[in-house]
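The values are calculated or read from the model by the stated rules, or taken from the named source; none is laboratory data. Note that the structure is a prediction, hence the values are computed from the model and not measured. Virtual Cβ from ideal backbone geometry, glycine too; neighbours counted across all protein chains shown. We work out accessible area using only protein heavy atoms, side chains counted, and drop any ligands, DNA or RNA first. Shrake-Rupley method; radii C 1.70, N 1.55, O 1.52, S 1.80 Å.
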Amino acid sequence: MPNTQPIPVVLAGATGKTGSAVGKAVWDAHDMELAAAVARRHRGVSLGLLWGIPELTVTLTADLTEIDRDYAVLVDFTEPESAYPRLVEAISRGWDIVVGTTGFSRREREHLAELVESRQVGAAVIANFSLGAWVAERLAIEASRYLGQVEVIEGHHQTKKDRPSGTAKRMAELLADAMGRDVDSIPVHSIRLPGMVAHQAVVFGSSGQLITIRHDVHDRSAYAAGVLAAIRQVHTFRGRVVNDLGEILDPGRLRPDGP
Ligand SMILES: NC(=O)c1ccc[n+]([C@@H]2O[C@H](COP(=O)([O-])OP(=O)(O)OC[C@H]3O[C@@H](n4cnc5c(N)ncnc54)[C@H](OP(=O)(O)O)[C@@H]3O)[C@@H](O)[C@H]2O)c1
């Protein structure tokens with residue numbers, strides 16, 4: 001892809017809570033083109049009509065088969081059952097993928113990684129695109145050096161399909177790695193209630209004291225900067241799947257020795 005051309009983005013889940021928030025950021029980005037959008041119920045409807053942007057003329061399609069593009073970055077915020085075959089198709093077309101959808105099985109994740117490697121496309125599969133969630137991960141890993149008793153509590157809106165959240169599963173995995181423990185030894189609690197957006201607390205307990213590392217998303221615009229950064233960089237991840245937002249937002253900080 002020549003750098004001077006806008007990056008074509010195909011957005012799956014464009015009518016959803018998160019897809020519409022990050023999609024509007026893509027629309028506003030001068031170096032990106034919102035090339036196509038996918039969602040079932042509004043198939044054939046103008047996305048601009050739904051988003052209240054008259055100059056946006058993209059019409060929603062139900063799947064990728066109706067999209068005739070040699071190259072695009074597929075951005076997916078849908079649900080795992082339909083996302084998995086969609087991602088397989090995008091990779092087989094040679095498209096790069098930016099995946100926010102959570103809830104894939106381990107086998108699906110492994111298979112996607114194999115396809116990404118064999119097709120030599122780039123992939124960013126990030127459980128949480130918000131900077132705050134990434135900072136909370138770093139703080140929790142640091143705290144785990146000193147405090148051994150920890151539990152994770154996550155809360156989301158009642159319509160969220162997967163439980164525990166991808167963010168909480170990743171936090172438990174990171175803590176388990178840092179502490180040299182089995183991931184199942186770190187309890188994860190889930191709350192699903194109206195009024196919630198996305199919330200997580202990592203609670204460390206010690207004799208007579210508690211430390212809580214808490215992150216709250218009140219507005220899904222929190223995910224936009226991470227998604228845009230991933231779209232801009234994903235083509236450089238040839239053949240591999242990046243799971244750590246830190247590698248996308250500030251590579252130098254996580255790789256102090258350089259590339
Ligand atoms: N990584 C992150 O930072 C992050 C942040 C927030 C959310 N998420 C994840 O993103 C996903 C979406 O969350 P959300 O809260 O935005 O959900 P949502 O509001 O329910 O939106 C889901 C979107 O996917 C579309 N969709 C559902 N099934 C589909 C299918 N079979 N084919 C095509 N489109 C389909 C829906 O439209 P139709 O129903 O009309 O098809 C809708 O546009 C979830 O997996 C969530 O965990 C990730």
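On C-alpha positions alone, give me the angle between the axis of helix 131-143 and the longest principal axis of the chain, in degrees, nearest 10. For helix 131-143, the angle is close to 20 degrees. Take the range 131-218 with all the other protein chains still there, run a 1.4 Å probe, and you get 54 Å² of accessible area per residue. Against the chain, whose longest principal axis comes from its Cα atoms, helix 106-119 is set at around 50 degrees.
Distance distribution note for the chain: the fraction of Cα pairs above 32 angstrom is 23%.
The C-alpha atoms of the chain define a longest principal axis, and helix 17-28 lies at about 60 degrees to it. Positive end of the dipole of the range 131-218 (Cβ unit charges, origin at the Cα centre): among 178, 157, 212, the Cα lying farthest that way belongs to 157.
Using C-alpha pairs below 8 Å separated by at least 6 residues, the relative contact order for the chain is 19 percent. For residue 37, the amide hydrogen comes within under 5 Å of the amide hydrogens of 11, 61, counting only partners 5 or more places away or on other chains and with H modelled in the peptide plane. Amide H contacts under 5 Å for residue 126: 99, restricted to partners 5 or more places along the chain or on a different chain, H placed in the peptide plane at 1.01 Å from N. Under the criterion of Cα pairs below 8 Å and six or more residues apart, the relative contact order for the range 1-147 equals 18 percent. Measuring between their Cα centroids, the range 4-54 and the range 100-140 lie 22 Å from each other. To put it simply, the accessible area of the chain at a 1.4 Å probe is 50 percent carbon and sulfur.
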